[in-house]
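Student: Right, I'll just put the structure down here and ask away after.
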Amino acid sequence: KRVAVLISGRGSNMTALIEAAKIPGYPAEIVGVLSNRSDAAGLETAAANGIPTAVRSHRDFPDRNALDAALDDVLRGWNTEIVALAGFMRLLTPRFTERWLGRMINIHPALLPSFKGLHTHEQALAAGVHLHGCTVHFVTPGMDEGPAIMQAAVPVVQGDTPDTLAARVLRAEHRIYPRALAALADGRVSLVDGRVMLTADTL
Ligand code: GRF
């Protein structure tokens, strides 16, 4: 399957997907990386791997519909079949999410439905949970609301700061995002009537 990755920054999850896609037999190919920021460090990593990149900034468009139409044009130009959000920091319009429903996934640094939005590691520490983690989920119009495809838990330990916790969660993100994308690309996971369907061997 032809996968486009949307980023806004560092791109370490994007890099995990690029590396996974190099493994023979991996069911997805990264055909392009699209950023809403020209200074996203991940763009250089993508280019260094020979992957086409594009930038569409919200500053160049009058409203969200216009930006999303421009993003959609780029994705179509790459014949994209699956969209993987990887640290993409802009909310997408309902029109866009509906167009890609069942074919667009995101990684969120918390065990959804806990700790939506930003600063998830601070939220987890403030809540005093002993388990935290990450979730790959289908993207639906509500932010961080789509159904979960795969999750990984990590312990919260004495002395953790948002940074130490973020680093532990990030390692888990890099483990599960390529696995979740593979499961979607080869049909072991799908979205049916708003619910995730998994075949038995997926988890
Ligand atoms: C990750 O923690 C991801 O879960 C969140 O944003 C961060 C992006 O990091 N959505 P990177 O750009 O993939 O390194």
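The values are calculated or read from the model by the stated rules, or taken from the named source; none is laboratory data. Here the structure is a predicted model, which is why all the values come from computation and not from measurement. Every residue, glycine as well, gets a Cβ built from its backbone with ideal geometry; the counts of neighbours run over all protein chains shown.
Student: Inspect all residues belonging to the range 5-18 and state whether any of them is part of a strand (DSSP E or B), free of Cβ contacts under 8 Å to residues at least 40 places away in the same chain and either within 13 Å of the ligand (Cβ to nearest atom) or under 21 Å from Arg171 (Cβ atoms) (or both). Full working, then the answer.
Tutor: Here is the first cut: in the range 5-18, the ones part of a strand (DSSP E or B) are 5-7.
Still in the list and also free of Cβ contacts under 8 Å to residues at least 40 places away in the same chain: none.
No, every residue in the range 5-18 fails to be part of a strand (DSSP E or B), free of Cβ contacts under 8 Å to residues at least 40 places away in the same chain and either within 13 Å of the ligand (Cβ to nearest atom) or under 21 Å from Arg171 (Cβ atoms) (or both).
Student: Specify which of the listed residues (Pro155, Pro162) is within 12 Å of the ligand (Cβ to nearest atom), more than 18 Å from the chain's Cα centre (by Cα) and surrounded by fewer than 19 Cβ atoms within 10 Å (Cβ to Cβ). So that I can check it myself, show each step before the final result.
Tutor: Working: Pro155 fails: within 12 Å of the ligand (Cβ to nearest atom).
Unique residue meeting the criteria: Pro162.
Student: Still on this structure: Look through Asp163, Asp144 and report the one residue that is of a type in the set (Asp, Glu) and within 21 Å of Ile82 (Cα to Cα).
Tutor: On the way: Asp163 fails: within 21 Å of Ile82 (Cα to Cα).
Of Asp163, Asp144, the one residue that is of a type in the set (Asp, Glu) and within 21 Å of Ile82 (Cα to Cα) is Asp144.
Student: Can you tell me how many residues within the range 179-197 are within 13 Å of Ala148 (Cβ to Cβ), among the small types (Gly, Ala, Ser) and surrounded by fewer than 16 Cβ atoms within 10 Å (Cβ to Cβ)? Write out each step before concluding.
Tutor: Taking the range 179-197 and keeping what is within 13 Å of Ala148 (Cβ to Cβ), we get 180, 183-184, 189, 191, 194-197.
Of the ones still in play, those that are also among the small types (Gly, Ala, Ser) are 180, 183, 194.
Subset that is surrounded by fewer than 16 Cβ atoms within 10 Å (Cβ to Cβ): 194.
Within the range 179-197, residues that are within 13 Å of Ala148 (Cβ to Cβ), among the small types (Gly, Ala, Ser) and surrounded by fewer than 16 Cβ atoms within 10 Å (Cβ to Cβ) number 1.
Student: Can you report the number of residues in the range 42-79 which are under 20 Å from the mean Cα position of the chain (by Cα) and not aliphatic (A, V, I, L, M)? Before the answer, list the steps.
Tutor: Let us first name the residues in the range 42-79 that are under 20 Å from the mean Cα position of the chain (by Cα), namely 42-47, 49, 51-58, 64, 67-76, 78-79.
Retained after the next criterion (residues that are not aliphatic (A, V, I, L, M)): 42, 44-45, 49, 52-53, 56-58, 64, 68, 72-73, 76, 78-79.
Residues in the range 42-79 being under 20 Å from the mean Cα position of the chain (by Cα) and not aliphatic (A, V, I, L, M): 16 in total.
Student: Would you mind finding the one in Gly117, Gly187, Gly133 that is away from the ligand (no atom under 16 Å from the Cβ) and without any contact (Cβ under 8 Å) to a residue 40 or more places away in the chain? Don't jump to the end; show me each part of the working.
Tutor: Details: Gly117 fails: away from the ligand (no atom under 16 Å from the Cβ); Gly133 fails: away from the ligand (no atom under 16 Å from the Cβ).
Matching residue, one of Gly117, Gly187, Gly133: Gly187.
Student: From (1) at pLDDT 95 or above; (2) under 12 Å from the mean Cα position of the chain (by Cα), pick out the condition that doesn't hold for Asp144.
Tutor: All conditions pass for Asp144, except number (1).
Student: Name the residues in the range 97-112 that are among the small types (Gly, Ala, Ser) and more than 16 Å from the ligand (Cβ to nearest atom), would you?
Tutor: Gly102
Student: Okay, moving on. Hey, among the residues in the range 74-133 that are part of a strand (DSSP E or B) and among the small types (Gly, Ala, Ser), which one's farthest from Val5 (Cα to Cα)? Before you say what the answer is, go through the steps one by one.
Tutor: Within the range 74-133, the subset part of a strand (DSSP E or B) is 82-85, 104-108, 131-133.
Next, only the ones that are among the small types (Gly, Ala, Ser) stay: 84, 133.
Numbers: Ala84: 5, Gly133: 22 Å.
Among them, the one singled out is Gly133.
Student: Does the range 26-55 hold any residues that are within 16 Å of Val3 (Cβ to Cβ) and not in a loop (DSSP other than H, G, I, E, B), and which are they? Spell out how you get there, then give the answer.
Tutor: Start the filter on the range 26-55 by keeping residues that are within 16 Å of Val3 (Cβ to Cβ), which leaves 26-35, 42, 45-46, 49-54.
The answer is Glu29, Ile30, Val31, Gly32, Val33, Leu34, Ser35, Gly42, Thr45, Ala46, Thr53, Ala54.
Student: Which is closer than 23 Å to Ser190 by Cβ, surrounded by fewer than 18 Cβ atoms within 10 Å (Cβ to Cβ) and out of contact with any helix residue (DSSP H, G or I) (no Cβ under 8 Å at 6 or more places or on another chain), of Leu101, Leu118?
Tutor: On the way: Leu118 fails: closer than 23 Å to Ser190 by Cβ.
Sole residue among the options that is closer than 23 Å to Ser190 by Cβ, surrounded by fewer than 18 Cβ atoms within 10 Å (Cβ to Cβ) and out of contact with any helix residue (DSSP H, G or I) (no Cβ under 8 Å at 6 or more places or on another chain): Leu101.
Student: Does the range 121-137 contain any residue that is of a type in the set (Val, Ile, Thr) and in contact with a Gly (Cβ under 6 Å, 6 or more places away or on another chain)? Spell out how you get there, then give the answer.
Tutor: Kept after step one, since they are of a type in the set (Val, Ile, Thr), are these residues of the range 121-137: 129, 135-136.
Filter again for in contact with a Gly (Cβ under 6 Å, 6 or more places away or on another chain), leaving none.
Among the residues of the range 121-137, not one is of a type in the set (Val, Ile, Thr) and in contact with a Gly (Cβ under 6 Å, 6 or more places away or on another chain), which makes the answer no.
Student: Is the range 139-147 home to any residue that is of a type in the set (Gly, Ala, Ser), within 15 Å of the ligand (Cβ to nearest atom) and either under 27 Å from Ala4 (Cβ atoms) or touching a residue at least 40 places away in the same chain (Cβ under 8 Å) (or both)?
Tutor: The first filter runs over the range 139-147 and keeps only residues of a type in the set (Gly, Ala, Ser), leaving 142, 146.
Subset that is within 15 Å of the ligand (Cβ to nearest atom): 146.
Cutting the leftovers down to either under 27 Å from Ala4 (Cβ atoms) or touching a residue at least 40 places away in the same chain (Cβ under 8 Å) (or both) gives us 146.
Scanning the range 139-147 turns up at least one residue that is of a type in the set (Gly, Ala, Ser), within 15 Å of the ligand (Cβ to nearest atom) and either under 27 Å from Ala4 (Cβ atoms) or touching a residue at least 40 places away in the same chain (Cβ under 8 Å) (or both).
Conditions tested, residue by residue: (1) away from the ligand (no atom under 15 Å from the Cβ); (2) free of Cβ contacts under 8 Å to residues at least 24 places away in the same chain.
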{"site": "Tyr26", "(1), (2)": "yes, no"}
{"site": "Gly32", "(1), (2)": "yes, no"}
{"site": "Ser35", "(1), (2)": "no, no"}
{"site": "Pro52", "(1), (2)": "yes, no"}
{"site": "Pro62", "(1), (2)": "yes, yes"}
{"site": "Leu67", "(1), (2)": "yes, no"}
{"site": "Thr80", "(1), (2)": "yes, no"}
{"site": "Leu85", "(1), (2)": "no, no"}
{"site": "Arg95", "(1), (2)": "yes, no"}
